[in-house]
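Report on the structure given below.
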Amino acid sequence: MKTPRRAEFGYTLFELMVALSMSAILMSGVMSSYINMISVSADHEVVARIDENARTILEMVVFDLRMAGTGMPIGQDDFAIGDALIGEAPLPVLLDSTTDYLRFRLNETGFQTTNVFEFIPSEDLYLYLASTAGLKEGNILYVSDAAVDGHDGFRGQIRSIAGNTVRMEDDYTASTNAIFPAGSSVSPVNEITYQSFDDWSGVVRAVNGESIQLAENTRVSFTYLNRDRETISLPLSDSEVADSLYAVDVVVWARSEEKLSDGDVYQATAKQRVVFRSLRLRE
């Protein structure tokens, strides 16, 4: 006779415990890998964002600096840097610039027009222009007669505009006995500043005194170089701006507010040397 087999009731308790233990180990490894992947992804996101902040600010500073001095009558013999009668009016880079503060002038919009009638500031402060598009009261205008082989320059502020006629403020700076024939160039020129602070509150860009914070947790520094690529000691002087200033080294730092997975704060650095293109026209 056949001996009946013992009924099979499934896995034993031991087998279930082994299976659960192996599953737990496997899931632990999967979760560990998943958490590590999330941490790495979060770190990469922080690094990419901070790197982008540094690069964006650097690109903005570099773009502006390459245009420094545009629209100004730089190189005019009778509107020269260092002329005591002219003061700071012909300075493309202002002398109060420091390692964390840079103030300079440029034609930010690129707009330029000409006067259609002779302009003699000592006699009449009305400018008759080919166009006043984009101009507004309070704008600083520079006038140069270089295009008609002259040597004079003028800097003044717009008091009012009527059609294509501009009335300048009485407080102006110009070459002695300046006369600007029809066809002289007229450009609006803004003062641009970049500044940062030791508390990492962010780089600030200002146009004619109206400022905007570019990004928090950022800083910028400037090193001024002469034509021999040597550092110029501050403060800058008229003669250094006129005869020696060649370039500026710009360094931007940006750091993360949150910490990375290893507990460190990430800091990015972006730097570039900028040669003053417009100033080199005087060489």
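The values are calculated or read from the model by the stated rules, or taken from the named source; none is laboratory data. Since the model is a prediction, treat every value here as computed from it, not as a measurement. Don't worry about glycine lacking a Cβ; one is built from the backbone with ideal geometry, like all the others, and counts go over all protein chains shown.
Which residue out of PHE111, PHE104 is surrounded by 14 or more Cβ atoms within 10 Å (Cβ to Cβ), in contact (Cβ under 8 Å) with a residue 40 or more places away in the chain, assigned to a loop (DSSP other than H, G, I, E, B) and aromatic (Phe, Trp, Tyr)?
PHE111
Give the residue, chosen from ASP43, ASP64, ASP83, that is under 18 Å from ASN208 (Cα atoms) and either at pLDDT 95 or above or within 32 Å of the chain's Cα centre (by Cα) (or both). Write out each step before concluding.
On the way: ASP43 fails: under 18 Å from ASN208 (Cα atoms); ASP83 fails: under 18 Å from ASN208 (Cα atoms).
Just a single option satisfies the conditions, and that option is ASP64.
To keep it simple, each residue is scored yes or no on (1) among the hydrophobic types (A, V, I, L, M, F, W, C); (2) within 22 Å of the chain's Cα centre (by Cα); (3) more than 24 Å from GLU59 (Cβ to Cβ); (4) at pLDDT 95 or above.
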| site | (1), (2), (3), (4) |
| --- | --- |
| GLU216 | no, yes, no, no |
| VAL220 | yes, yes, no, yes |
| ASP228 | no, no, yes, no |
| ASP238 | no, no, yes, no |
| VAL241 | yes, yes, yes, no |
| VAL252 | yes, yes, no, yes |
| LEU260 | yes, no, yes, no |
message: So, in segment 238-260, how many residues would count as being touching a helix residue (DSSP H, G or I) at 6+ places or on another chain (Cβ under 9 Å) and hydroxyl-bearing (Ser, Thr, Tyr)?
response: 2
query: Is there any pair linking a residue in segment 204-233 that is at positive phi to one that is of a type in the set (D, E, K, R), with Cβ under 8 Å and at least six apart or on different chains, and which?
result: ASN208/GLU191; GLY209/GLU191; ASN217/ARG255; ASN217/GLU257
message: Restricting to segment 138-163, name every residue that is aliphatic (A, V, I, L, M), touching a residue at least 12 places away in the same chain (Cβ under 8 Å) and surrounded by fewer than 23 Cβ atoms within 10 Å (Cβ to Cβ).
response: ILE140, LEU141, ALA146, ALA147, VAL148, ILE158, ILE161
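Applying the selection to segment 156-208, what residues are of a type in the set (A, V, I, L, M) and more than 18 Å from PRO73 (Cα to Cα)? Let's see the steps before the verdict.
Quick first cut of segment 156-208, residues of a type in the set (A, V, I, L, M) only: 158, 161-162, 166, 168, 174, 178-179, 182, 186, 189, 192, 203-204, 206-207.
Within segment 156-208, ILE161, ALA162, VAL166, VAL203, VAL204, ALA206, VAL207 meet the criteria.
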task: State yes or no: is GLY163 among the small types (Gly, Ala, Ser), more than 21 Å from PRO90 (Cβ to Cβ) and out of contact with any helix residue (DSSP H, G or I) (no Cβ under 8 Å at 6 or more places or on another chain)?
output: yes
statement: Checked pairs for segment 62-76, first among the β-branched types (Val, Ile, Thr), second not in a loop (DSSP other than H, G, I, E, B), C-beta under 6 Å and 6 or more apart or across chains, list as VAL62/GLN272; VAL62/VAL274; THR70/LEU106; THR70/SER278
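Please pick out the residue among GLY82, GLY87, GLY75, GLY134 that is part of a loop (DSSP other than H, G, I, E, B) and either acidic (Asp, Glu) or not assigned by TED's automatic domain parsing to the domain that holds PHE63 (or both).
Numbers: GLY82 fails: either acidic (Asp, Glu) or not assigned by TED's automatic domain parsing to the domain that holds PHE63 (or both); GLY87 fails: either acidic (Asp, Glu) or not assigned by TED's automatic domain parsing to the domain that holds PHE63 (or both); GLY75 fails: either acidic (Asp, Glu) or not assigned by TED's automatic domain parsing to the domain that holds PHE63 (or both).
Just a single option satisfies the conditions, and that option is GLY134.
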task: Determine which single condition GLN157 fails, assuming it passes every other condition in (1) assigned to a strand (DSSP E or B); (2) in the same structural domain as VAL250 (by TED's automatic domain parsing); (3) not basic (Lys, Arg).
output: (2)
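Restricting the search to segment 82-108, which residues are in contact with a strand residue (DSSP E or B) (Cβ under 7 Å, 6 or more places away or on another chain) and β-branched (Val, Ile, Thr)? Can you show your working first?
Of segment 82-108, the ones in contact with a strand residue (DSSP E or B) (Cβ under 7 Å, 6 or more places away or on another chain) are 86-87, 89-90, 92-94, 96-97, 99-108.
Scanning segment 82-108 gives ILE86, VAL93, THR99.
Just for segment 209-223: of the residues that are surrounded by 15 or more Cβ atoms within 10 Å (Cβ to Cβ) and in contact with a strand residue (DSSP E or B) (Cβ under 6 Å, 6 or more places away or on another chain), which one is nearest to ARG103 (Cα to Cα)?
Ranking the qualifying residues of segment 209-223, first place goes to PHE222.
Would you confirm whether or not segment 164-177 contains a residue that is of a type in the set (Gly, Ala, Ser) and surrounded by fewer than 19 Cβ atoms within 10 Å (Cβ to Cβ)? First the steps, then the outcome.
Taking segment 164-177 and keeping what is of a type in the set (Gly, Ala, Ser), we get 174-175.
Now narrow it down to the ones that are surrounded by fewer than 19 Cβ atoms within 10 Å (Cβ to Cβ): none.
No, that holds for no residue.
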